[in-house]
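FYI, it's all coordinate maths here, none of it is from the lab. Treat the numbers as computed from the prediction; the structure is a model and nothing was measured. A quick note on method: Cβ atoms are made from the backbone with ideal geometry, for glycine too, and the neighbour counts reach across all protein chains shown.
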Amino acid sequence: MVLATAPTTSPRAAFTHLRCKECGAEYEPKATHVCELCFGPLEVAYDYAAIRERVSRDSIRQGPHSIWRYKDFLPVTTATPIDLGTGLTPLIRAERLGRRLGLKNLYLKNDAVNMPTLSFKDRVVSVALTRAQELGFTTVGCASTGNLANSTAAIAAHAGLECCVFIPADLEAGKVLGTLIYRPTVMAVKGNYDQVNRLCSEVANTHGWGFVNINLRPYYSEGSKTLGYEVVEQLGWRLPDHIVAPLASGSLFTKIHKGFREFVEVGLVEDRPVRCSGAQAQGCSPIAQAFAEHRDFVTPVKPNTIAKSIAIGNPADGVYALDQARKTGGSIDMATDAEIVAGIQLLAETEGIFTETAGGTTIAVLQKLAAAGRIDPEEVTVAYITGNGLKTQEAVQGYVGEPFTIEPQLDSFARALERSHTLERLEWQTIPV
Amino acid sequence: MAVKVLIPTPLQKLTQERAEVECQAGSIDELLESLDAAAPGIKNRVCDDSGQIRRFVNFYVNSEDIRFLEGTATPLKDGDVVSIIPAIAGG
């Protein structure tokens, strides 16, 4: 399948072929994800001159209110991609959280309210399943830590595709139910995510299905670039100075950066350095450990953390994430489970956003980096909140208090209110202001 | 030792499109040699010029990553299943 010459550009789409990120070998844009020669990852290549000719800030503004306003930068050919209103989630100026952390220009990209399943995964799945249909697949699947299972099952249902998803058997109840409701086949594997992933690679090898994050991975991962595009557009067509994002496989992190670089390449935004910092949970921190030890390779670990959505012990894009953090002058740090819970609470209390454990990890690491002076207070900093807290209620159960149960009478209310003030005063004594 | 080896799609041209082959080997090191005898060229594809397994290839023995075992010295016994999996997947 290695090409002697690069294939010609399709008249409608600007993506041309797949290229090995390691050795540069080129392939036809089929359902394949690794180089036959060196096993390096395949990435979608584009004709940027063609994109530059047809795309402007105005043409993007006039596009759909979804990720598909950036269709020229995405690897699909159809005029009618699967569109459930995915993307264009709020970019929020976080003044109260910023004050707490000493950051004057802090923004939150809130994919906790992405559509249809409340995580950034809807972006990658919308692209992957659109491409899956173009390639003729009728059954799709994924190896998931939960959010991806929700998204694949939902968007497959909308598109009328058969769906079989694989998850670790110990996932949070909300993520399992939030998958089952769409009636896919769900395989709950007795093992961790890395074992699920290996099994899916073996299944993909023999079943002829389109696995979004295996044989469709080159297309799927491109969907995360829209998290870069949107932030540029929502900041008024400027690049941020610093981003902080969670690291699981490392793919999201590298694709946000690719999105920034592409907008510069086609002249949509002025170039400026963007520092990229990553967040991992201490109980699954192979990339953060490699960063701290100045290694250029990532040693796999066995995950043990409440942050299940980012618990990948053997991260596919770990080395690229490491490289990107170092080259851009960013950092990679980790948070303990207790710090992750505190991060979830801090974000909720200061900004009114209830995120899941991955978002708690990001906020906890943001806090650490700010305290350590790794983020300049003046920098335009964007923290990516990638998932919704209602899906991982187990993580904060027991930390959020109880409601005051009262009788439907004024005096019962008055007594409870008095008690709540007392509790508040006690809390003020323990929380640094 | 007779072991079963699961061959990933990118290597199946070397195994006449077979997704599974039988091999005789007492360790992963020996397996690489015996696989190469059965499917010439396969070792060069999974190992780099210095003979180390490439960084984007993972080997599993009975579902366990050999990096959690003894690496390429990991011993094999009759009936073991060795899976060769591209590292780039998931996430």
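Distance between the 7 Å Cα→Cβ label points at residue B:52 and residue B:19: 3.2 nm. Would you list, by chain and number, the lysines whose Cα falls below 24 Å from the Cα of residue A:327, excluding same-chain residues fewer than 8 positions away? Those lysines meeting the cut-off are A:21, A:109, A:225, A:255, A:258, A:368.
Annotation for residue A:52 and residue A:379: the two label points, set 7 Å from Cα along the Cα-Cβ direction, are 3.0 nm apart.
Return the loop-located chymotrypsin sites (Phe, Trp or Tyr not before Pro) in the range A:357-433 (DSSP other than H, G, I, E, B) with at most 16 other Cβ atoms within 10 Å of their own Cβ; answer none if there are none.
A:399, A:404
The listed peptides A:223-230, A:354-361, A:24-31, A:58-65, ordered by packing as a protection proxy, come out as A:354-361, A:223-230, A:24-31, A:58-65 (highest mean of other Cβ atoms within 10 Å first). The relative contact order of chain A comes to 15 percent, based on Cα pairs under 8 Å that sit 6 or more residues apart. Between amide H atoms placed 1.01 Å from N, distances below 5 Å from residue A:16 occur with A:45, A:46, A:47, all of them 5 or more places distant or on a separate chain.
At full extension, residue A:93 and residue A:419 could sit 113.9 nm farther apart than now, given 0.36 nm per residue minus the alpha carbon distance. Residues of the range A:288-327 falling in the label zone of residue A:173, defined by backbone nitrogen less than 20 Å from a point 7 Å along Cα to beta-carbon, are A:306-309.
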